[in-house]
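The values are calculated or read from the model by the stated rules, or taken from the named source; none is laboratory data. Predicted model, so just to flag it, every value in this text is computed and none were measured. As a convention, Cβ positions derive from the backbone with ideal geometry for all residues, glycine included, and neighbour counts pool all protein chains shown.
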Amino acid sequence: MASQDWFDKDFYQVLGVSKDASDADIKKAYRKLARKYHPDQNPGDAAAEARFKEISEAHSVLADAEERKEYDAIRAMGTGARFTAPGAGGAGGFEDVFGGMFGGQGGGGTRYTFQQGGDYDDLLGGLFGGGRFGTPSGGYRGFGGPTKGRDVTASTTLDFITATKGDQITLQTAEGKPITVRIPAGVADGQKIKLPGKGHPSPDGGEAGDLILTVNVRKHPVFERDGLNLRVTVPVTFAEATLGATIQVPTLGGEPVKLRVAPGTPSGRVLRVKGRGVETKKGTGDLLAVVQVAVPSHLSKDASEKLEEFAALLPDEDPREELLAKARSQR
């Protein structure tokens, strides 16, 4: 929006707040009105849609500390002021603006002399946000190039496979506008994706802001991410771990693979399947199968007797002896 429009629009009145309203009050008022007049709540109601746009415009200015400061300064000049080129028809030019501010008549009446350190750009820089007149960091809009629109933040929740494999999804803005987003393969929980040009439009014809999308990923019931690797816990029986066996291990979105469990494999050992992890442009991870020895919850009488016979044949060793010794040494 051009600054000229700000003379004619009372954004505080639009949101129903006072000129000294806090940021929290402005945000609260905006949310209340936005819910009431949102197009989704008023389908086909052109008046409600226009009101929603008016509310959004007011909030976009007052919610930004720098823009609010600039808006207040411009409004303080009075609604009759206009920035017109010297020589244009009627009263105009910078003298009209400053005449109204400092008691002059404008239109060629009172003249102002600015001493060193007090030229036009210093004065306007102070009025409109600081910085030298004509520099990109501040000054009146239109000098130093157009202003980029403000960024918009949003979030979305993806299922585990979509985040791992990548996909194209459609989001909807607060105004009801659909946006297509390409989710790259391997996006992680909490990662941010920037969509250039999908934010707020520029107030003075510059490029639009960006949409910063935060991705939340639902947990998978079987797999979990470990960098580019996928980790899965695989139960094996006591006999399989002791004697060795070939077992099936699930893969994400594919057929199970067969893995060899060596005789005497302990619980917690990791078996690796190359290239079956997360595939991205930066590389491909592996599938890590973590062995977990499953202890039977009940045994038949015959099985219990056989197990007791087996235990009697084992060497008389305490597998916790080394652990206990290390603990004693740290007393």
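Here are Gly244, Gly277, Gly264: which of them is of a type outside the set (Lys, Arg) and either within 17 Å of Val222 (Cβ to Cβ) or under 40 Å from the mean Cα position of the chain (by Cα) (or both)? It is Gly277. Note on segment 275-331: among residues that are in contact (Cβ under 8 Å) with a residue 60 or more places away in the chain and among the hydrophobic types (A, V, I, L, M, F, W, C), the one that is nearest to Ala239 (Cα to Cα) is Leu288. Whenever a residue of segment 9-36 is crowded, with 16+ Cβ neighbours inside 10 Å, its partners that are in a helix (DSSP H, G or I) and among the small types (Gly, Ala, Ser), lying with C-beta atoms within less than 7 angstrom and at least six residues away or across chains, give the pairs Phe11/Ala58; Val14/Ala58; Leu15/Ala29; Leu15/Ala58; Val17/Ala29. Taking segment 155-175 as the range and being assigned to a helix (DSSP H, G or I) and of a type in the set (A, V, I, L, M, F, W, C) as the test, the residues that pass are Phe160, Ile161, Ala163.
With respect to being of a type in the set (Val, Ile, Thr), touching a Gly at 6+ places or on another chain (Cβ under 6 Å) and crowded, with 16+ Cβ neighbours inside 10 Å, Val278 fits the description. Among the residues of segment 259-289, write down those that are more than 29 Å from Asp167 (Cα to Cα) and not in a loop (DSSP other than H, G, I, E, B). Correct list: Leu259, Arg260, Val261, Val270, Leu271. Restricted to segment 1-107, the set of helices (runs of 4 or more DSSP H) holding at least 1 residues that are at pLDDT below 70 and within 26 Å of Ala174 (Cα to Cα) comprises 3-6.
Criterion applied to Ala262, Ala303 was being outside the structural domain of Ala245 (by TED's automatic domain parsing), surrounded by 10 or more Cβ atoms within 10 Å (Cβ to Cβ) and within 20 Å of Leu243 (Cβ to Cβ), and the one residue passing it is Ala303.
Being aliphatic (A, V, I, L, M), in contact with an Asp or Glu (Cβ under 8 Å, 6 or more places away or on another chain) and at pLDDT 95 or above: is that true of Leu211 here? In short, no.
The selection criterion, being among the acidic types (Asp, Glu) and over 30 Å from Val187 (Cα atoms), holds for Glu240. When you look at Arg272, is it in contact with a Ser or Thr (Cβ under 7 Å, 6 or more places away or on another chain), under 30 Å from Ile183 (Cα atoms) and among the basic types (Lys, Arg), yes or no? No.
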